[in-house]
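Written out below as C-alpha cells is the structure these notes cover.
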Amino acid sequence: MSLNPCPEARRALRLCMEYLSQAYFFVPWRAELDLMLWDWVQQWRERGPIALDDFEPDHARDYEARMLSWLADRAGGWWRREAGGVRFIPMAEWLRIYRDARGP
C-alpha cells in the first residue's frame, strides 16, 4: 500500500471501477461491485501475474485486476457503494469490510 495516497489514483480507481461495471454489466455501479472487483484483485494477487506474451481474451480480467490492484495501492483504499452513494474507504477499513463480507 502506498504511504502517501495519491488523489489522482483515487479518481482513476473510481473511473476504472465504473467503467468495468458498465462494460461487463451495463449499469453504472453493479450491486456488490466493490466486493466482486476485490475478489478479482485477490485472485490475481494469489495466482500471480501472467506473462505478457501469454495474452488471450480470457486473460483480460487478469490485466484489469492488475490495474485495480495498482490503483488501490496508490490510492490507499477502495471505493464502495453505501446508502449515501459511492464513498472512498481507506484500505485498512476496506479490508475489514471485505473480510466480514467474504470470511477469512
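The values are calculated or read from the model by the stated rules, or taken from the named source; none is laboratory data. None of the values given here were measured: they were computed from a predicted structure. Neighbour counts are summed over all protein chains in view; Cβ atoms, including those assigned to glycine, are modelled from backbone coordinates with ideal geometry.
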_Condition first: at pLDDT below 90, farther than 13 Å from residue 68 by Cβ and either charged (D, E, K, R) or surrounded by fewer than 18 Cβ atoms within 10 Å (Cβ to Cβ) (or both). Can you find one or more residues in the stretch 35-46 that meet it?_
yes
*Name the residues in the stretch 3-27 that are more than 15 Å from the chain's Cα centre (by Cα) and surrounded by 13 or more Cβ atoms within 10 Å (Cβ to Cβ), would you?*
5, 6, 25
*Of these, 84, 103, 77, which one is touching a residue at least 60 places away in the same chain (Cβ under 8 Å) and not aromatic (Phe, Trp, Tyr)?*
77
*Neighbours by Cβ (under 6 Å, 6+ apart or cross-chain): first from the stretch 16-43, within 16 Å of residue 96 (Cα to Cα); second at pLDDT 90 or above and of a type in the set (Phe, Trp, Tyr)*: 38/98
*Which residues, counting only those in the stretch 66-94, are surrounded by 20 or more Cβ atoms within 10 Å (Cβ to Cβ), of a type in the set (Gly, Ala, Ser) and in a strand (DSSP E or B)?*
77
